Amino acid sequence: MENNMLHISASPHIHSGKSTASIMRDVIIALAPASIAGAVIFGLRALLIIAVCVATCVVCEYFYNVIVKRYQSAGDLSAAVTGLLIALNVPANIPIWQCIVGSAFAIILVKCVFGGIGCNLVNPAITARIFMLVSFGSMATQAMPKIVDVTAGATPLELIAGGETPAMKDLLLGTTGGALGETCAVALILGFIYLLARRIITWHIPVVFVASVFVLSYLSEGSLETALALVLSGGLLIGAIFMATDYVTSPPTAWGKVLFGFGAGLLTFLIRKYGVYPEGVSFAILFMNILTPYIERLTSHKIFGGVK
Amino acid sequence: MSFFLKGLHVPHRKNTADKPAVRMTDIKSVTIPMLMHIGAPSTPTVKVGDLVKVGTKIGEGAGGLSSEIYASVSGKVTKIADIRLTGGGTVPSVTIESDGEMAVCETVAVPTVTSREELLAAIKASGVVGLGGAGFPTYVKWSADPSKMEELIINGAECEPYITSDSLTMTDRVDDMETAIRILTKYFPIKRTVIAIESNKKSAIASMQEMASRLENTEVKVLPSVYPQGGEKVLVYHTTGKVIETGKLPLDVGCVVCNCTTIAAIGSYLKTGMPLVEKCVTVDGGCVKNPQNVIAPIGTALSDIFEFCGGLTAVPDKILYGGPMMGVTVPDMSSPVIKNTNAVIALTPKEAWLPRTTACIRCGACTNTCPFGLAPAEILLAYKKKDTEMLKKLSVDTCMLCGCCSYICPANRPLVQNNNLSKQLLRDERAKEAARNGK
């Protein structure tokens, strides 16, 4: 036996096998029900939008890394997750060129120029959604479901603002107007359960976020039914489950997550109630992304035996 | 203040559990280094050509932190030369060609122990060091202020993957352990003895419970099988609820922590007078044909041990002293089994596979896994900037180097490795400061 074959290294010598790609793969699996629901509800064009957004994100990250000579991270599926989330956050009737512009914006300007994965200050998909909302008129006129006859051409949030309460069945199944991945509550909750079971995320941010919106809406509206409808409407579930829980832009500790979730819930409620936009989830998450370093400072772990 | 100390479920891979230990025979030669403990190397007391027997003293402990060293076979000293240690340094080592007799030295005699002083002298003479892996000279630990010694915690957690040699101690060497506990608790003011074992070692738990029923104020504490349960501070917290502050020792909260095999080695010396000359070692890993526990004379070359276990079936990627979470890599197959070797693991490239290091995605897994709640990702950034103030603020000195953070990191960042470097940086800074103040 040749002695020089032995490797010398510092411990540990084994690894859990978890990787960035395996985590992102789980997120994609968790988003599959919402993607399928989007295609069923809004038609096959949804799949085209998903393909375009994912491809644009991965290609942009690939070429950016080539150009700036950074190690190639396009294969770690994080760009694919961003693309998928952008697609699920746009209406099914959006022009394809807008998807390309929005995805490229997210990857290049929000993620890569700040240093790539782990270094971005705010969530790329959320920022892209806001960028597209304020830039393109198409984001404001939400697509309507294809599989059912929808008489009113309004999203659930607009209905509630107009004093109506949308049917609970429509909210759960997603047969309402809205972005192609945000309407089907059942599919999003399935994804949430999957992420919890795989221990990709903890319950703190989604539950506190949604609960805050629910409680504040109930206190403000005085009706449990309206409060529940408000929770199931708009981008709240997809935002709370998939975008607010982004590792890079949310605090790591349990208490930090609770604070983050509450802040996002409060802001969502305030923007919905008093803001000019009908939906406040994206702005709320973006704002909490920016506050994350401060929340982390407030809520760092207490150290066992640590001497202050 | 209460804590929930986290940690990890690492794979157990206790392939050698429930297999009896096999004693090695036909040793051709042993090479015994003069440093098998923390502290100063011992001085060889033999010269080339001397005849020695099992138990003949061949190394005299230097003053202070050091230990006595004894011949593990009978035969002739053929060489005294430097060998390389795992840390990279070299140390004089005594090579003994065995005459195959394994004759016992005349000086081996049951020690008389009638007082604490005699007991301490006996522990020193036994050559026992911390056999859990640390190698801290045991007599130094027991030479501390006895009035502080309230509880004796016997560490049988054995939380590292593969290793089963401590479990075998707890099933096969009950008499040795019982003798040591009886005598230690007689001459030291220990009020309570706790034997802490992880829940996956059923036979060890049963055998220790049976022993505890014969002893006063002795109990077995079954702990969840969560790595690093056997870490000293983790163990003390989970057995007594006491928090050892950073920079403090278990004794500062009234506890003496000893590994179960250390206790057995003390007991064995008190009963027979035979010092520590052999070691039960778990030989395992994907490259080993017949994984098993081997009782080998100290100084046996690893190549001989592997041969005794049927040889290696593949070229190992790494050979470890100890488990894969905290064990150290061995530079050379001729490296010997030393006092604190509890396992020799030959890992296949597949077992030792580590993913590529990528960018931190700030998932928080490191800080959420750290038993002590440290933030390894932040420590890494502070270390890169050599920001010692920040490192102190992040309390990196609390780190016990268990490796949970590196194991769990999806980006496989060198977190615990950087913690170790950071601790060294702070040590260097303190040394510089002390030198400045001294001038």
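The values are calculated or read from the model by the stated rules, or taken from the named source; none is laboratory data. For clarity, every value in this text was computed on a predicted model and none was experimentally measured. Cβ sites come from the backbone with ideal geometry, for glycine too, and all protein chains shown count toward neighbours.
Quick notes
- Given (1) crowded, with 16+ Cβ neighbours inside 10 Å; (2) within 30 Å of A:I8 (Cα to Cα); (3) of a type in the set (S, T, N, Q), index of the condition B:T90 fails: (1)
- Of the residues screened, B:I32 is one that is surrounded by 14 or more Cβ atoms within 10 Å (Cβ to Cβ), hydrophobic (A, V, I, L, M, F, W, C) and outside the structural domain of B:G135 (by TED's automatic domain parsing).
- The single residue among B:T112, B:T78 that is closer than 27 Å to B:L184 by Cβ, modelled with pLDDT of 90 or more and surrounded by fewer than 16 Cβ atoms within 10 Å (Cβ to Cβ) turns out to be B:T112.
- Qualifying residue in region A:61-74 (condition: touching a Gly at 6+ places or on another chain (Cβ under 9 Å), assigned to a helix (DSSP H, G or I) and crowded, with 24+ Cβ neighbours inside 10 Å): yes
- A:G38 satisfies every condition listed in (1) touching an Asp or Glu at 6+ places or on another chain (Cβ under 9 Å); (2) of a type outside the set (A, V, I, L, M); (3) at the interface with chain B (Cβ under 8 Å from one of its Cβ atoms) except (3).
- Of all residues in region B:191-221 being among the hydrophobic types (A, V, I, L, M, F, W, C) and surrounded by fewer than 17 Cβ atoms within 10 Å (Cβ to Cβ), the one that is farthest from B:A157 (Cα to Cα): B:L215
- Any hit, region B:404-425, residues being of a type in the set (S, T, N, Q), free of Cβ contacts under 8 Å to residues at least 12 places away in the same chain and more than 25 Å from B:P161 (Cβ to Cβ): yes
- Residue match in region A:14-31 (condition: out of contact with any helix residue (DSSP H, G or I) (no Cβ under 7 Å at 6 or more places or on another chain) and either over 26 Å from A:I117 (Cα atoms) or away from every other protein chain (no Cβ under 14 Å) (or both)): no
- B:P297 vs. criteria away from chain A (no Cβ under 14 Å), over 25 Å from B:A71 (Cβ atoms), surrounded by 20 or more Cβ atoms within 10 Å (Cβ to Cβ) and in contact with a Ser or Thr (Cβ under 7 Å, 6 or more places away or on another chain): no
- Number of the condition not met by A:S212 [criteria: (1) within 26 Å of B:C409 (Cα to Cα); (2) among the polar types (S, T, N, Q); (3) modelled with pLDDT of 95 or more]: (1)
- Pairs with Cβ under 9 Å, 6+ apart, first in region B:252-271 and within 17 Å of B:T282 (Cα to Cα) and without any contact (Cβ under 8 Å) to a residue 24 or more places away in the chain, second assigned to a helix (DSSP H, G or I) and not polar (S, T, N, Q): none
- Scanning region A:52-63 turns up no residue that is small (G, A, S) and within 11 Å of chain B (Cβ to nearest Cβ).
- Every test in (1) buried (at least 16 other Cβ atoms within 10 Å of the Cβ); (2) touching a residue at least 60 places away in the same chain (Cβ under 8 Å) is passed by A:A161 save one, and that test is (1).
- Look at (1) in a loop (DSSP other than H, G, I, E, B); (2) of a type in the set (F, W, Y); (3) crowded, with 24+ Cβ neighbours inside 10 Å and you find that A:F242 fails only one, number (1).
- Qualifying residue in region B:255-273 (condition: within 14 Å of chain A (Cβ to nearest Cβ), of a type outside the set (A, V, I, L, M) and more than 19 Å from B:V174 (Cα to Cα)): yes
- Residue count for region B:222-249, restricted to those that are more than 9 Å from chain A (Cβ to nearest Cβ), within 15 Å of B:F3 (Cα to Cα), touching a helix residue (DSSP H, G or I) at 6+ places or on another chain (Cβ under 7 Å) and of a type in the set (A, V, I, L, M, F, W, C): 1
- For first residues located in region B:376-403 and assigned by TED's automatic domain parsing to the domain that holds B:R427, partners that are among the acidic types (D, E) and lie 6+ apart or on another chain with Cβ distances below 6 Å form the pairs B:T388/B:E429; B:L394/B:E378.
- Restricting region A:279-297 to residues that are surrounded by fewer than 16 Cβ atoms within 10 Å (Cβ to Cβ) and within 14 Å of chain B (Cβ to nearest Cβ), the residue that is modelled with the highest pLDDT: A:P293
- Scanning region B:243-254 for residues that are outside any helix (DSSP H, G or I) and either within 19 Å of the chain's Cα centre (by Cα) or farther than 19 Å from B:K141 by Cα (or both) turns up B:V243, B:L249.
- Residue count for region A:261-308, restricted to those that are small (G, A, S) and in contact (Cβ under 8 Å) with a residue 60 or more places away in the chain: 1
- Any hit, region B:347-370, residues being outside any loop (DSSP other than H, G, I, E, B), in contact with a strand residue (DSSP E or B) (Cβ under 7 Å, 6 or more places away or on another chain), facing chain A (nearest Cβ under 9 Å) and over 14 Å from B:I408 (Cβ atoms): yes
- Residue list for region B:371-385, filter: more than 16 Å from A:P293 (Cα to Cα) and within 9 Å of chain A (Cβ to nearest Cβ): B:P371, B:F372, B:G373, B:L374
- Test result for B:V281, within 13 Å of the chain's Cα centre (by Cα) and within 23 Å of B:E97 (Cβ to Cβ): yes
- Residue in region A:46-55 that is crowded, with 17+ Cβ neighbours inside 10 Å and out of contact with any Gly (no Cβ under 9 Å at 6 or more places or on another chain) present: no
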